[in-house]
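Visitor: Dropping the structure in here first, questions after.
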Amino acid sequence: MALIRAVKIKKRYLLGLAMFGVLAFQLVQIALDRWEEKNIAAMSYVLANKIIVVDPGHGGRDPGKIGVSGVPEKEINLEVSKKLATVLRQMGATVIMTRETDVDLSDSSSSGWKSKKQQDLTRRTDMANEKNADLYISIHCNAYTGPREHGAQVFSQPGSEDSKSLAECIQSEMTGSLKNTTRKAKQVDYFALRKTKMPATIVEIGFITNHKEEELLRDPLYQSRVAWSIAAGIIKYYSDKVSSDQQNTDDYNKEIIKTFQQQPGHHIPAP
Ligand SMILES: [Zn+2]
């Protein structure tokens, strides 16, 4: 009898504990949702009037680099770019994506790998130039012969001060948010960066030749964190730019600075 009662009490105790667990989980979830809503609300429209071209590198017949698990770079680039486009639109920007599906931009009739690639890249940069975009952000994954290399790194065109500061802002937010890169923003002459007429960067979001990093880059939650940190870098860029150019500080720009400065340590936390 005593044993049965003990089991019954234990059962009731466990049931209570489980219910408490579910309730606690729901409360935490609600709090997180509110926090995220507040965060997004605080950032809404700070990028209004900005046209940002988001370019998911490669696509279609061009897979880009191949990760250690066999995933092609083009897939990760597209997923992160879509997430970045969503965040930037929530911040009020007009986002143009150079591709939204698994395609490349060259004509199917054009022949030769090199001329196809040239046509593909030219169409991406032409799109940004024709739309008079304010920023061009190209998303890629890095690769190396050895598995050790890791960490996101942002590139800009030598000689473009605006692009340099954009790259440094994105690098600093990625470093602070992702906490797994010690790389510094670098100036390198790339076709896409040379041909675009607006501040432009190539964001190498990590190495798909590194097992741990490739696994992270395939994880949708990590992809969101990457997207968020790039968006945070863009806000930092506009905030820094406006503070260094006081004559340009109208109400809208003040709003950008305020939004950025409201974040603890001037660092926008990832959701
Ligand atoms: Zn690439």
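Visitor: Output the residue which, of all residues in the stretch 204-247 that are free of Cβ contacts under 8 Å to residues at least 60 places away in the same chain and over 15 Å from the mean Cα position of the chain (by Cα), is nearest to Gly146 (Cα to Cα).
Guide: Applying the filter and picking the extreme gives Ser239.
Visitor: Conditions first: (1) in contact (Cβ under 8 Å) with a residue 60 or more places away in the chain; (2) more than 16 Å from the ligand (Cβ to nearest atom); (3) under 21 Å from Ala143 (Cβ atoms); (4) polar (S, T, N, Q). Thr201 passes all but one, so which condition is the exception?
Guide: For Thr201, the exception is condition (2).
Visitor: Another question, then. In the stretch 106-143, which residues are part of a loop (DSSP other than H, G, I, E, B) and modelled with pLDDT of 95 or more?
Guide: Lys131, Asn132, Ala133, Asp134, Ala143
Visitor: Looking only at the stretch 58-72, count how many residues are touching a His at 6+ places or on another chain (Cβ under 6 Å) and either assigned to a helix (DSSP H, G or I) or at negative phi (or both).
Guide: Step one: of the stretch 58-72, the residues touching a His at 6+ places or on another chain (Cβ under 6 Å) are 64, 68.
Within this subset, residues satisfying the condition of being either assigned to a helix (DSSP H, G or I) or at negative phi (or both) are 68.
So the count comes out to 1.
Visitor: Any idea which of Thr122, Thr98, Thr145 is of a type outside the set (D, E, K, R) and either touching a strand residue (DSSP E or B) at 6+ places or on another chain (Cβ under 9 Å) or within 12 Å of the ligand (Cβ to nearest atom) (or both)? Quick ask: steps written out before the conclusion?
Guide: Numbers: Thr122 fails: either touching a strand residue (DSSP E or B) at 6+ places or on another chain (Cβ under 9 Å) or within 12 Å of the ligand (Cβ to nearest atom) (or both); Thr145 fails: either touching a strand residue (DSSP E or B) at 6+ places or on another chain (Cβ under 9 Å) or within 12 Å of the ligand (Cβ to nearest atom) (or both).
So the residue among Thr122, Thr98, Thr145 that is of a type outside the set (D, E, K, R) and either touching a strand residue (DSSP E or B) at 6+ places or on another chain (Cβ under 9 Å) or within 12 Å of the ligand (Cβ to nearest atom) (or both) is Thr98.
Visitor: Which one is farthest from the ligand (Cβ to nearest atom), of the residues in the stretch 128-142 that are hydrophobic (A, V, I, L, M, F, W, C) and closer than 14 Å to Arg99 by Cβ?
Guide: Applying the filter and picking the extreme gives Ala128.
Visitor: Give the number of residues within the stretch 125-178 that are crowded, with 18+ Cβ neighbours inside 10 Å, among the acidic types (Asp, Glu) and touching a Phe, Trp or Tyr at 6+ places or on another chain (Cβ under 7 Å).
Guide: Count: 0.
Visitor: Does Ala85 meet the test of being within 16 Å of the ligand (Cβ to nearest atom), among the small types (Gly, Ala, Ser) and surrounded by fewer than 23 Cβ atoms within 10 Å (Cβ to Cβ)? Explain how you work it out, then say what you get.
Guide: On the way: within 16 Å of the ligand (Cβ to nearest atom): no; among the small types (Gly, Ala, Ser): yes; surrounded by fewer than 23 Cβ atoms within 10 Å (Cβ to Cβ): yes.
Against the criterion (within 16 Å of the ligand (Cβ to nearest atom), among the small types (Gly, Ala, Ser) and surrounded by fewer than 23 Cβ atoms within 10 Å (Cβ to Cβ)), Ala85 does not qualify.
Visitor: Does the stretch 59-98 hold any residues that are of a type outside the set (A, V, I, L, M, F, W, C) and closer than 18 Å to Ala232 by Cβ, and which are they? Write out each step before concluding.
Guide: So the first thing to find is which residues in the stretch 59-98 are of a type outside the set (A, V, I, L, M, F, W, C), and the list is 59-65, 67, 69-70, 72-75, 77, 79, 81-83, 86, 89-90, 92, 94, 98.
The answer is Ser81, Lys82, Lys83, Thr86, Arg89, Gln90, Gly92.
Visitor: Residues of the stretch 60-77 being more than 10 Å from the ligand (Cβ to nearest atom), in contact (Cβ under 8 Å) with a residue 40 or more places away in the chain and small (Gly, Ala, Ser), which ones?
Guide: Matches in the stretch 60-77: Gly60, Gly67, Ser69.
Visitor: Hey, another quick one. Please enumerate the residues belonging to the stretch 175-214 that are at positive phi and not in a loop (DSSP other than H, G, I, E, B).
Guide: Going residue by residue through the stretch 175-214, those that are at positive phi are 179, 206.
If the condition is that a residue be at positive phi and not in a loop (DSSP other than H, G, I, E, B), then Gly206 is the only one that fits.
The values are calculated or read from the model by the stated rules, or taken from the named source; none is laboratory data. Worth saying up front: this structure is predicted, and the values here are computed from it rather than measured. Cβ sites come from the backbone with ideal geometry, for glycine too, and all protein chains shown count toward neighbours.
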